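Note sheet for the following structure.
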Amino acid sequence: EVGGVKISKEDVVRDDPTNNVPDTIFTKLGMQLHRRDQHPLGILKNAIYDYFDANYSNKFEKFEDLCPIVPVIANFDDVLVPADHVSRSYNDTYYVDSQTVLRCHTSAHQAEILRSGHTHFLVTGDVYRRDSIDSTHYPVFHQMEGVRVFSPEDWESSGLDATTYTAQDLKTCLEGLARHLFGAVEMRWVDTYFPFTSPSFELEIFFQEKWLEVLGCGVMEREILKRSGKTENYAWAFGLGLERLAMVLFDIPDIRLFWSSDKRFTSQFTKGQLGVKFKPFSKFPPCYKDVSFWISEAFTENNLCEVVRGIAGDLAEEVQLIDNFTNKKGMTSHCYRITYRSMERSLTDEEINELQSKVREVVQEKLKVVLR
Ligand code: PHE
């Protein structure tokens, strides 16, 4: 049964010395925004379900309640992520203990679901990544994974080799999905690399004068299929970021809004209504604060961002490196500009000064840097 090795939030002991999950992240577990029919993420998920149900006569099995706390093996090894890949680092991934992570992608469930015999499935869930802070990045976001497995009779009659057939089917499926969601939108395919697919592609759509990456996909590495007992098969897989798409479809300007319980946000969305444009309630003024310090060897921007989020929470809108130099003695200085802004109210000078002085204090103490 899928989800058999259930690790539940309540059972997690977080005093492991390798644990790097802060409370601000831990409290997000179980929120399942993607299962709210009135929330833009739930509305988008349902619209994607509609596309698959209509075009594949309900063949795709849906999983949306799999626990985000997964074994390292499921998140990385089962999908062939090399032992030295950066995504495994404590700087990029949240570890509950050395054997267990908060999944950093829904691909963490591919192997298990294949092993249980499914050939057409969609997996939706919250995923977790240590990252920078700006309007499109948040350490928790949502992905949907899709997998379709083919048998020899599928490609044999086509006159194409199995890989070409599978890649073509994948592109047709996803172009159809993009049109279902966006209507006539300009799209392009970009070759890329993932450890679990070959060939691998990204789909980009042209939006607000920019090419926006909306999903990664490719022909699944045979090794993954073989290990799940499917020696004769080929498959495709894709993983798409729901926030990215929803921000475009609903005109949502800041990723933090998805977590807002402000009625002025939540009341604007209706079940089944994809792409109703969000009307921003008055934008409150930003406040900028700079902090400069001499970095140490171990300094990383992700660690700085976690300190800022730990103190300012969702009041932190952006953390941006604005100056970087190395002096004659070889010491490197960084200056970061922190943008504070609430989406719900005006902040007072007092309150921001307090946050900023706390940031300075903790940065110095935890990140081993020397303030300037
Ligand atoms: N897991 C990839 C990511 O998070 C997306 C992906 C899924 C790519 C499946 C290829 C196939 O970026």
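A few points about this structure:
- Test: residue in region 63-70 that is assigned to a helix (DSSP H, G or I), surrounded by fewer than 16 Cβ atoms within 10 Å (Cβ to Cβ) and at pLDDT 95 or above: no
- Only one of the listed residues (243, 223, 202) is under 20 Å from residue 150 (Cα atoms) and within 16 Å of the ligand (Cβ to nearest atom). That residue is 223.
- In region 150-169, the residues that are closer than 20 Å to residue 226 by Cα form Cβ pairs under 8 Å with partners that are buried (at least 19 other Cβ atoms within 10 Å of the Cβ) and of a type in the set (D, E, K, R), at six or more places apart or across chains, as follows: 150/169.
- Unmet requirement for residue 231, which otherwise passes all of (1) within 27 Å of residue 151 (Cβ to Cβ); (2) within 16 Å of the ligand (Cβ to nearest atom): (2)
- Checking residue 23 against (1) under 18 Å from the mean Cα position of the chain (by Cα); (2) charged (D, E, K, R); (3) farther than 22 Å from residue 220 by Cβ, the condition it does not meet: (1)
- Unmet criterion (only one of (1) within 12 Å of the ligand (Cβ to nearest atom); (2) under 21 Å from the mean Cα position of the chain (by Cα); (3) not in a strand (DSSP E or B)) for residue 132: (1)
- Number of the condition not met by residue 92 [criteria: (1) touching a residue at least 40 places away in the same chain (Cβ under 8 Å); (2) within 13 Å of the ligand (Cβ to nearest atom); (3) more than 24 Å from residue 35 (Cβ to Cβ); (4) buried (at least 16 other Cβ atoms within 10 Å of the Cβ)]: (4)
- Filter result for residue 296 (over 22 Å from the mean Cα position of the chain (by Cα), modelled with pLDDT under 95, closer than 23 Å to residue 365 by Cβ and assigned to a loop (DSSP other than H, G, I, E, B)): yes
- If you filter region 240-285 down to residues that are assigned to a loop (DSSP other than H, G, I, E, B) and charged (D, E, K, R), you find that the one that is modelled with the lowest pLDDT is 283.
- Test: residue in region 78-88 that is more than 15 Å from the ligand (Cβ to nearest atom) and over 15 Å from the mean Cα position of the chain (by Cα): yes
- Top-ranked residue of region 171-202 - restricted to ones that are under 17 Å from residue 237 (Cα atoms) and in contact with a Lys or Arg (Cβ under 8 Å, 6 or more places away or on another chain), ranked as surrounded by the most Cβ atoms within 10 Å (Cβ to Cβ): 201
- Condition check for residue 230: without any contact (Cβ under 8 Å) to a residue 12 or more places away in the chain and more than 13 Å from the chain's Cα centre (by Cα): no
- Counting only residues that are more than 24 Å from residue 235 (Cα to Cα) and either in a helix (DSSP H, G or I) or within 15 Å of the chain's Cα centre (by Cα) (or both), region 89-104 holds 5 of them.
- Test: residue in region 180-196 that is assigned to a helix (DSSP H, G or I), of a type in the set (A, V, I, L, M) and away from the ligand (no atom under 14 Å from the Cβ): yes
- Residues within region 325-359 that are outside any loop (DSSP other than H, G, I, E, B) and exposed (fewer than 14 other Cβ atoms within 10 Å of the Cβ), tallied: 7
The values are calculated or read from the model by the stated rules, or taken from the named source; none is laboratory data. Predicted model only: the values in this text are computed from it and were never measured. Every residue, glycine among them, receives a Cβ derived from its backbone with ideal geometry; neighbour counts consider all protein chains shown.
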